[in-house]
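Taking it in order: structure first as C-alpha cells, then the write-up.
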Amino acid sequence: APTTTTTTTPAPAPPPPPIVNTASKSKGIWISLPQTCTTTTTTTMCLSPTLSVETVEAKPNLRIPANHTLLSRADQQETRTLRPPLAVKLPIPKARAPIIPLPSPHAVAGSEEGRQVVDRKVLYLIRHGEAVHNIEERKAKQLAAASLKAEGFSPTSCTYKDAVEAARCAVLHDRCLLDAALSDAGKSQACSARSVIDDLVNGPNDQDFPWPTVVLTSPLQRTLQTSAIVFPKHPGVHIREALRERRTGLPCDERRSALRIRSRPSFVYMSSNDLLNFDLDCGCGEVLSPCPENSEMTSPPMTLEDKEDVRRRSAGLPLLLQGFEDDEAVAIVTHKGFLRELERGLLGRPEATEFGNCEVRVYDVTLHADGTLHSKLLYGGLDDQQVE
C-alpha cells in the first residue's frame, strides 16, 4: 500500500486545493484535503480495496480563539484548548450492544380491529436544521469531485463515488465540530418549520391539527437549537437521550453533559432532569463519547451503534410517550438517522424517504394494550395513504 506523507501548511497562507495523485491507480487514489480548523494538519486518504483514512498530527495542541465561528455563542466567554484529531481509520469499528436501557414494546404498525386502544396522539416529526458540520461535508465533497473530474474520472464510477464519500467522512473527524451547532441557514430553516406548524394548527384547513403541548428533543446542540426556534419558551420541552443521533464516534455526534446543557440560557427552560439522571447513572463527565482516546471523556467508553441498533432504539418510542397520556399532540425533534429507522420500522413505512433539514411530517398514532401500534400519515412524506 502507498505510504502516508505529512506536509505542513503555513498558517497565513490560504488552504491549498485538493491534490489527486494517480501515479499508481492500481494501488488506489490519494487525496490531500486542508483541515477546517487546523491549518498545520493534513488529512490523507487512500481508496484501495480496503478504504482507509489517516489524519497526521503535526502540532500537539492548538488554541482556538473564544470568538471562533465554530464555537457556540454560549462558549464565547472562554478560550479552550482543543486537540487535533488523532489517527483514525474508516470505516469506524462498531460495537453492537445498545446503549439506551430502553426495552422495546415490540410495537408494530397494524390494524386497529379487535384491539383495546390505550392512547391516541397526533405526532409531529421534525428533523433539525442544517448544522456547521453539514457545510464542511459539502465543501469536502465539492473539492474532491472537482479534483477527480480534472483527472478524468467519471462521476458514475465507483472510484469517483468512493473518493467523494471518503472526503466527506474525513472532515467529520475534526474536533472543532464537537456537538455541531446550527448554521445560519439551519436557523432560517427552523423558522420556516415553525411557520409550517403554525399553518397546520391555525391554517384554513377543514380539520386543524392540535398544537403540540409536549416537545421531546434529542440532547445534541443542533436539535436543542432547532427546538428553541420552532417552540420558543415552550413550557413542555423535555430532553431525551433516547432520541439522539446514532453513535458514530464522530465529534459532531457527541453531546455536552446535562449540567452543561442546562446552564445554557437558550435551553434553561427545557426539562433536563431525565438527561441528568442518565448522566449520573453512567458516571458521565463533560462529554459523552465512544472514543477511548478522547481526553475530555471521564466516563467509560460508550458503545457505537449501527442502523439496526437505532431501529431497536426507535421502537421504544411508545415508552417515551408514557406519562403524557393527557396530551393530544406531541412533537419529536431529532435526527435523520433516527427518523429513518422510526418510519421504516415502528411506523410501518419501509419505503419512506429520508427527512430533509427541518422537514415536518405528522402522524396519527394509536397505541394498543397489547403493545402494538397503528399509524396513519397525515401530512408530509410522499403520500397520505393509511399505513396498515
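The values are calculated or read from the model by the stated rules, or taken from the named source; none is laboratory data. Since we're looking at a predicted model, the values are computed, not measured. Glycine also receives a Cβ, built like all others from the backbone with ideal geometry; neighbour counts cover every protein chain displayed. Just so you know, the surface numbers come from the protein's heavy atoms only, side chains and all, with ligands and any DNA or RNA stripped out. Shrake-Rupley method; radii C 1.70, N 1.55, O 1.52, S 1.80 Å.
Annotations
- Per-residue ³J(HN,Hα) for the stretch 161-166, Karplus 6.51 cos²θ - 1.76 cosθ + 1.60, θ = phi - 60°, Hz, x for Gly and Pro: 5, 5, 5, 5, 5, 5
- Dipole size of the stretch 183-275 about its Cα centre, with +1 on Lys/Arg Cβ and -1 on Asp/Glu Cβ: approximately 600 debye, rounded to the nearest 20.
- For the peptides 271-281, 219-229, the ranking by packing is 219-229, 271-281, with the highest mean count of neighbouring Cβ atoms within 10 Å listed first.
- Solvent-accessible surface (1.4 angstrom probe) belonging to LYS161, in square angstrom, nearest 10: 120
- Sequence-distant residues sharing a close amide H with ARG255 (under 5 Å, placed H): LEU288
- Phi-derived couplings, Karplus 6.51 cos²θ - 1.76 cosθ + 1.60 at θ = phi - 60°, listed residue by residue for the stretch 182-187: 5, 7, 4, 5, x, 5 Hz, with x used for Gly and Pro.
- Placing one equal scatterer on every Cα of the stretch 123-273 and applying the Debye formula, the log10 ratio I(q)/I(0) at q = 0.09, 0.14, 0.15 Å⁻¹ is -0.38, -0.77, -0.84.
- Residues whose amide H comes within less than 5 Å of that of LEU378, counting only those at least five positions distant or on another chain, are VAL362, TYR363, ASP364 (H built at 1.01 Å from N in the peptide plane).
- Entries of LYS139/LYS161; LYS187/LYS336; LYS121/LYS307 with Cα pairs more than 20 Å apart: LYS121/LYS307
- Efficiency of FRET between LEU280 and THR159 - r from beta-carbon atoms, R0 56 angstrom, step 0.05: 0.70
- Each residue of the stretch 225-239 was assigned a 3J(HN,Hα) from its phi angle through the Karplus expression (A = 6.51, B = -1.76, C = 1.60, θ = phi - 60°), giving 5, 4, 4, 5, 7, 6, 10, x, 6, 5, x, x, 8, 10, 8 Hz with x at Gly and Pro.
- Nearest-20 debye value, the stretch 303-361 charge dipole, Cβ charges on Lys, Arg, Asp, Glu: 260
- Residues whose amide H lies under 5 Å from that of ALA131, counting only those 5 or more places away or on a different chain, are SER183; hydrogens are built 1.01 Å from N in the peptide plane.
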